[in-house]
1. With the convex hull built on the Cα atoms of region 120-239, state its orientation-averaged projected area in nm².
2. Give me the net charge of Arg45's neighbourhood, meaning all other residues with Cβ under 12 Å from the Cβ of Arg45; Lys, Arg count +1, Asp, Glu -1.
3. For Val172 and Glu103, what is the calculated FRET efficiency with R₀ set at 41 Å and r taken between the beta-carbons, to the nearest 0.05?
4. Once you place label points 7 Å from the Cα toward the Cβ at Arg151 and Ser210, how far apart are they in nm?
5. Taking the C-alpha atoms of region 104-184, how large are the radius of gyration and the largest Cα-Cα span, Dmax, in Å?
6. Volume per residue, Å³, of the convex hull around the alpha-carbon atoms of region 28-136?
7. Counting just the Cα atoms, what span does region 149-215 cover along each of its three principal axes? Round to the nearest Å and put the largest first.
8. Could you compute the FRET efficiency for Asp47 and Glu126, with r as their C-beta to C-beta distance and R0 at 35 Å, rounded to 0.05?
Amino acid sequence: MNSFFPAVPSGSGTAETQRGGEVTGRSASGVHRPGELSLAEGATRTDHWAAIGVRTRQRLAELSGTAIEWFANTDASSGDGRGYAVTFGEAGLSIAEPRVNTEHRPVYAISSFLFAPGSLRHVPLEHRPAARAAGPSSPGAAPPDLGLSRRAREVLGNLPARAQELLQAPFVTGQSILRNDWYYEGFEHRLDVFVFYLAGAKDVTVATGSMIVPAGHSTATAHWTLTCYRASVARRIGR
């Protein structure tokens, strides 16, 4: 993989801070306001992955290629508590979703965004803001309206400004987002797994990594270790 992205404007480059759910202090232009990263007890991604059939897991691996990151979670629309899975690899981003076929048997429908060979690029991102009190409010440019749900914007808003820009870069000029999703797992002051993706007809962007709130810090000054990816879509399977 190439280890670079095309140049993307980086705004002010000043770390954003948060107080009471609002962005305060100077911030990079066009960032989303963060929302709560709530956590609930229950099955982990490993549990949900194990509940998906072996043939489905194998097909996801075939389509996505060498694994980079993955997650599985409950599909609220399934009606029977079954899970869905997302695999992101060097060859593509693939999603398996529970369905019922014409014979009323539970099956999985698989969609995939297959990457153009050699197009997958990545950039590492270490976000280490200092612990400090929030300053007076300073409005910045409005974030781009990409048609994301409110909850998607809230989750995205927790990421460092640079990560938000890299994720959204291919879509700010009019390319529609066809699929987007996220997953995180961990504890109140530490997320061991974090994944967020946006997928369009021409490009896929993904951020993966972890977050920790060090002693003396708050969620506003959380430390993030991320890798942001971007790839060109050569072919799509499914919807």
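Taken together, the values in this text are just the output of simple stated rules run on the coordinates, not laboratory data. A quick note: this is a predicted structure, and the numbers were derived from the prediction, not measured. Neighbour counts run over all protein chains shown; Cβ positions are idealised from the backbone, glycine included.
1. It is 8.4 nm².
2. -4
3. 0.40
4. Label at Arg151, label at Ser210, 2.6 nm between them.
5. 17.2, 58
6. Taking only Cα atoms, region 28-136 has a hull volume of 191 Å³ per residue.
7. 41, 20, 19 Å, listed from the longest principal axis down.
8. Computed FRET efficiency for Asp47 and Glu126: 0.70.
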